[in-house]
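Notes follow the structure.
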Amino acid sequence: MCEITIQINCPYCHSMKVVKNGVKCTGKQNFLCRSCRKQFQHSYQKAGCRPAVKRLVLRLLVRNSGIRDIEEVTGVHRQTVLRWLNQKAHSLQVSPRQQGYGQVQLDEVWTFVKERKKRKRWLFYAYAPETDEGLAWSWGTRSRHTVRRLYRQLEQLEIDCFCTDDWPAFTKVLPPEKHLIGKAYTRNIEGVNLCLRTRNRRIARKTACFSKIEQNHYNAMKLIFYYRNHHTL
Ligand SMILES: [Zn+2]
């Protein structure tokens, strides 16, 4: 007879202070981490219950993987993937790192939910090249109302100048003394547009992986912005 000893570490904080904590209804031993107080099992029947798989799914969401691709690769049901997407986006707070910025560039990107031509959702956002940071964004039509909602979020910051292309909605909202117009001033944000389209399958120009539900669409973009600013999730 041979005896194998398995050292169990907490999958969340990697602590070794782990104790047995009853048996689950499936007959599997349950463990408790004394450091972070989280419970876990040594092995799980369903892929979606494994803590490491959840981290992988969230990373795939911000690295251009469609929901069905993630389901196929990780074995987690697509409804679970969407639930995690919404939960994570809900828990994240995207806020500017600084109180003041020299130059902020604003631009708009078209996206769509469900039907390509009829249901366009314009994303207006502000980008600070000095910190490589997405500061704020707003969703809506390609009108001054959406620009105004974006500008309201920027009002509390000290910004020296706003750079945009010559779309008239910007001129109607932004203060003229701080407004610079021209493609030469928005080169950085044009590059970010490309990056956003490359990292998020939902807003790629020609794709079958589009959003069907508005909230999922907005939350997926929030995740992308957070990941761009902080390089982690
Ligand atoms: Zn722990």
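Values in this text are rule-based calculations from the coordinates and carry no lab data. None of the values given here were measured: they were computed from a predicted structure. Don't worry about glycine lacking a Cβ; one is built from the backbone with ideal geometry, like all the others, and counts go over all protein chains shown.
Please list, by residue number, every one of the chymotrypsin sites (Phe, Trp or Tyr not before Pro) in region 1-90 that is coil in DSSP and has at most 16 other beta-carbon atoms within 10 Å. Working shown, then result.
Numbers: sites: TYR12, PHE31, PHE40, TYR44, TRP84; in loops: TYR12, TYR44.
Sites meeting the loop and neighbour criteria: TYR12, TYR44.
In whole angstrom, how long is each semi-axis of the equivalent ellipsoid of region 47-91, when you take the square root of 5 times every eigenvalue of its Cα gyration tensor and sort them from largest down?
Working: eigenvalues 38, 29, 19 Å².
Each semi-axis is the square root of five times an eigenvalue, giving 14, 12, 10 Å.
Once you've got the GNM for the chain with C-alpha springs shorter than 10 Å, pick whichever of GLY102, GLY22, GLY134 has the biggest mean-square fluctuation.
Highest fluctuation of the listed residues: GLY22.
Please give the helix 51-61 orientation as an angle from the longest Cα principal axis of the chain, in degrees from 0 to 90, rounded to the nearest 10.
That helix lies at roughly 20 degrees to the long axis.
Please report the net charge: other residues with Cβ closer than 11 Å to the Cβ of THR80, K and R +1, D and E -1. Could the numbers behind the result be given before it?
Details: positive: LYS46, LYS54, ARG78, ARG83; negative: GLU71.
Around THR80, the charge tally is +3.
Quick one: among ALA220, ALA184, ALA136, which has the greatest mean-square fluctuation in a GNM of the chain with alpha-carbon springs under 10 angstrom?
Highest fluctuation of the listed residues: ALA184.
Can you compute 3J(HN,Hα) from phi for each residue in region 92-103, using the Karplus curve 6.51 cos²θ - 1.76 cosθ + 1.60 with θ = phi - 60°, rounded to whole Hz and x for Gly and Pro?
For region 92-103, the Karplus curve yields 8, 10, 9, 10, x, 6, 10, 8, x, 9, x, 9 Hz.
Report the equivalent ellipsoid semi-axes for region 100-230 in whole Å, largest first, defined as the square roots of five times the eigenvalues of the gyration tensor built from alpha carbon atoms.
Working: eigenvalues 120, 51, 34 Å².
Calculated on Cα positions only, the semi-axes equal 24, 16, 13 Å.
Above 17 Å lies some portion of the pair distances; for region 1-56, what is it as a whole percent of all C-alpha pairs? Mind dumping the intermediate values first?
Working: 655 of 1540 pairs.
Summing the P(r) of region 1-56 above 17 Å gives 43 percent of all pairs.
Of the residues ARG149, ARG34, ARG55, which exhibits the maximal mean-square fluctuation in a Gaussian network model of the chain defined by a 10 Å Cα contact cut-off?
With Cα springs under 10 Å in the chain, the top fluctuation among ARG149, ARG34, ARG55 is at ARG34.
When the helix-only estimate is applied to the chain (DSSP H runs of n ≥ 4, each -39,500 (n - 2.57), divided by the residue count), what is the mean residue ellipticity at 222 nm, nearest 500 deg cm²/dmol?
Numbers: 7 runs with 80 residues, N = 233.
That calculation yields -10500 deg cm²/dmol at 222 nm.
Take the Cα pairs of the chain, get the Kirkwood Rh, then feed it into Stokes-Einstein at 4 °C and 1.567 mPa s and tell me D in µm²/s.
Numbers: Rh = 20.3 Å.
The diffusion coefficient I find is 64 µm²/s.
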